[in-house]
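Encoded as structure tokens, the structure appears first; notes follow it.
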Amino acid sequence: MPYPYASRKKNPAIPFYPSPIDVVRLMLNVAEPKEGQVLVDLGCGDGRVLVEAATNYGSSVVGVESNPWLASYAYNKLLEKGIKNFKIVKGDLFEFNFSSADIITLYLTHDALKILKPRLESYIKPRTKLVAHDFPIPGWRPIAIESIISVEDGKLHKVYLYDADKSFNNVGRQKRYIIQDGEIWRKAGHGIHRVLKIRGYAHEGGEEA
């Protein structure tokens, strides 16, 4: 059963209802993470997406979870699995800096996605992939939709794949970035900040994933 909690008073309550493992595997299969890419799970719950991504794809994983018990559970779970390249952030997913993410996974409600959408459009970097379970991102155009009847719960689940360069009107976001000589530079205020390139993928210098 879901365990509702509110991450912030002004934001909608987000229930903890874990994705079945076969749905998690489908989400990752459509996202096709590459080894060393940064995968961020917003509302990571018990950490199952992070475990699958790190174990089977070699991703560097970051989980954001505002429920203290779930954050601790996910942290200990990844430790027990022997996963080293991970971070669990006990905090508000609506305020988290996900600009270093190569892939973002989401199992949030329609209301939560509606609130999160402007921040996604403003701060995800070019070529970022986003995967949403059951609830599509309002107004975005998925580049793929996959369905599965889970053997775990017998229900039909849908997975929506989005691409930062194709799924929404990203003209404003693209103006924040300059790509030159294989590096990404981001405009902020009156300055331009370099985005460092690590293992072929971009991570903003000095900021945590």
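Against the conditions (1) touching a residue at least 60 places away in the same chain (Cβ under 8 Å); (2) over 13 Å from the mean Cα position of the chain (by Cα), GLU80 satisfies every one except (1).
Every residue, every condition in (1) more than 25 Å from ASP163 (Cβ to Cβ); (2) crowded, with 24+ Cβ neighbours inside 10 Å; (3) not acidic (Asp, Glu), yes or no:
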site: GLN37; (1), (2), (3): no, no, yes
site: ARG48; (1), (2), (3): no, no, yes
site: GLU52; (1), (2), (3): no, no, no
site: SER59; (1), (2), (3): no, yes, yes
site: SER72; (1), (2), (3): yes, no, yes
site: TYR75; (1), (2), (3): yes, no, yes
site: ASN85; (1), (2), (3): no, no, yes
site: ILE88; (1), (2), (3): yes, yes, yes
site: GLY91; (1), (2), (3): yes, no, yes
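So is ALA74 farther than 26 Å from ILE143 by Cβ and at pLDDT 95 or above or not? So ALA74 passes the test.
Confirm whether ALA101 is among the aliphatic types (A, V, I, L, M), surrounded by 24 or more Cβ atoms within 10 Å (Cβ to Cβ) and touching a residue at least 60 places away in the same chain (Cβ under 8 Å). Taking the combined requirement at face value, the residue satisfies it. Sort out which residues of the range 102-127 are more than 14 Å from VAL38 (Cβ to Cβ) and in a strand (DSSP E or B), and write them in order of number. Matches in the range 102-127: LEU106 only. Scanning the range 32-55 for residues that are under 18 Å from SER150 (Cβ atoms) and touching a Leu at 6+ places or on another chain (Cβ under 7 Å) yields GLY45, ASP46, VAL51, GLU52. Across the range 71-97, the qualifying residues are those that are among the aliphatic types (A, V, I, L, M) and part of a loop (DSSP other than H, G, I, E, B), and the one among them that is farthest from ALA112 (Cα to Cα) is ILE83. What do you reckon, is THR128 at pLDDT 95 or above, within 23 Å of ILE14 (Cα to Cα) and hydroxyl-bearing (Ser, Thr, Tyr)? Against the criterion (at pLDDT 95 or above, within 23 Å of ILE14 (Cα to Cα) and hydroxyl-bearing (Ser, Thr, Tyr)), THR128 does not qualify.
Could you say whether any residue in the range 140-148 is part of a strand (DSSP E or B), touching a Gly at 6+ places or on another chain (Cβ under 7 Å) and within 24 Å of GLU35 (Cα to Cα)? No, because not a single residue in the range 140-148 is part of a strand (DSSP E or B), touching a Gly at 6+ places or on another chain (Cβ under 7 Å) and within 24 Å of GLU35 (Cα to Cα). Selection of the range 37-70 for residues being of a type in the set (A, V, I, L, M, F, W, C), part of a helix (DSSP H, G or I) and more than 18 Å from LEU26 (Cα to Cα) yields TRP69, LEU70.
Among the residues making up the range 133-151, a single one is of a type in the set (S, T, N, Q) and surrounded by 12 or more Cβ atoms within 10 Å (Cβ to Cβ): SER150.
Only a single criterion out of (1) modelled with pLDDT of 95 or more; (2) in contact with a strand residue (DSSP E or B) (Cβ under 8 Å, 6 or more places away or on another chain) is not satisfied by VAL151, namely (2).
Of everything in the range 124-161, what is touching a helix residue (DSSP H, G or I) at 6+ places or on another chain (Cβ under 8 Å) and closer than 19 Å to VAL64 by Cα? Give them in sequence order. Of everything in the range 124-161, those that are touching a helix residue (DSSP H, G or I) at 6+ places or on another chain (Cβ under 8 Å) and closer than 19 Å to VAL64 by Cα turn out to be ILE124, LYS129, LEU130, VAL131, ALA132, HIS133, PHE135, ILE137.
The values are calculated or read from the model by the stated rules, or taken from the named source; none is laboratory data. Remember, it's a predicted structure, so these values are computed and weren't measured experimentally. Positions of Cβ are generated from backbone atoms using ideal geometry, with glycine treated the same way; all protein chains shown enter the neighbour counts.
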